[in-house]
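The next block holds one structure in the form of structure tokens; read it before the comments.
The values are calculated or read from the model by the stated rules, or taken from the named source; none is laboratory data. Predicted model only: the values in this text are computed from it and were never measured. Neighbour counts are summed over all protein chains in view; Cβ atoms, including those assigned to glycine, are modelled from backbone coordinates with ideal geometry.
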Amino acid sequence: MVSMDDPQPLDRVARIQADWRRERPDVDVTPQGVIGRLHRLADRLTEELCLVYGRYGLGEGEFDVLCALRRAGEPYARAPGELAAYTMVTTGAITKRVDRLEQAGLVTRRRSGDDQRGRIVALTCAGRELIDRAFTDHMRNERRLLDLLTPTEAEALETLLTTWLARMEDPRPSGDGE
């Protein structure tokens with residue numbers, strides 16, 4: 001929570017909170033300090049990350065698909081349903097992304113060896129070379145962004161975010177019997 005005694009100037013979120021405190025003193029706007037900043041930070045991080053993807057002719061979605069295929073290991077292939085799970089989007093979104101990547105010569109589609117009705121998406125040599133270069137630059141960019149924090153701050157933030165995300169993704173029963 002940013003206090004009014006803090007020597008740092010008020011950021012946009014703090015100004016919005018101050019406005020709401022003035023206009024609606026009956027509502028606790030404290031959560032907005034965390035959620036609002038996380039939202040703004042996510043937007044800024046996405047902008048910064050997409051600049052790197054763009055250098056390789058990729059959007060965020062295409063980058064995610066290529067990374068999911070590369071992480072699969074040899075032969076760098078997954079079924080579309082697996083890609084959807086590894087990138088947390090629908091199979092329809094995967095189809096559109098794979099279509100664009102296939103047109104660019106970065107992936108191929110082939111029939112599954114196990115199930116001739118199924119399909120497998122695989123990296124081409126060009127796709128593997130591109131994602132290896134793009135991923136290296138992506139990690140440099142993430143390091144640059146994270147270096148705005150001290151190592152201690154970054155470690156504390158990772159711990160807090162990991163805890164919070166785990167609780168949101170796997171909420172425990174409230175224990176109130178309902």
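A compact table of results
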{"item": "Of residues in segment 11-34 being among the aliphatic types (A, V, I, L, M) and not in a helix (DSSP H, G or I), the one surrounded by the most Cβ atoms within 10 Å (Cβ to Cβ)", "result": "29"}
{"item": "Residue in segment 103-116 that is farther than 23 Å from residue 45 by Cα and part of a helix (DSSP H, G or I) present", "result": "yes"}
{"item": "Identity of the residue in segment 69-83, in a helix (DSSP H, G or I) and crowded, with 20+ Cβ neighbours inside 10 Å, that ends up modelled with the highest pLDDT", "result": "69"}
{"item": "Residue match in segment 35-43 (condition: of a type in the set (Val, Ile, Thr), surrounded by 15 or more Cβ atoms within 10 Å (Cβ to Cβ), in a helix (DSSP H, G or I) and not assigned by TED's automatic domain parsing to the domain that holds residue 143)", "result": "no"}
{"item": "Residue that is surrounded by the most Cβ atoms within 10 Å (Cβ to Cβ) [pool: residues in segment 84-100 that are free of Cβ contacts under 8 Å to residues at least 24 places away in the same chain and not in a helix (DSSP H, G or I)]", "result": "90"}
{"item": "Residues located in segment 107-149, provided they are among the acidic types (Asp, Glu), surrounded by 11 or more Cβ atoms within 10 Å (Cβ to Cβ) and touching a helix residue (DSSP H, G or I) at 6+ places or on another chain (Cβ under 9 Å)", "result": "132, 137, 142"}
{"item": "Residue count, segment 117-168 (criterion: closer than 19 Å to residue 44 by Cα, in a helix (DSSP H, G or I) and aliphatic (A, V, I, L, M))", "result": "6"}
{"item": "Number of the condition not met by residue 143 [criteria: (1) on the phi > 0 side of the Ramachandran plot; (2) within 22 Å of the chain's Cα centre (by Cα); (3) of a type outside the set (A, V, I, L, M)]", "result": "(1)"}
{"item": "Residue match in segment 55-67 (condition: farther than 21 Å from residue 137 by Cα and either in contact (Cβ under 8 Å) with a residue 12 or more places away in the chain or over 16 Å from the mean Cα position of the chain (by Cα) (or both))", "result": "no"}
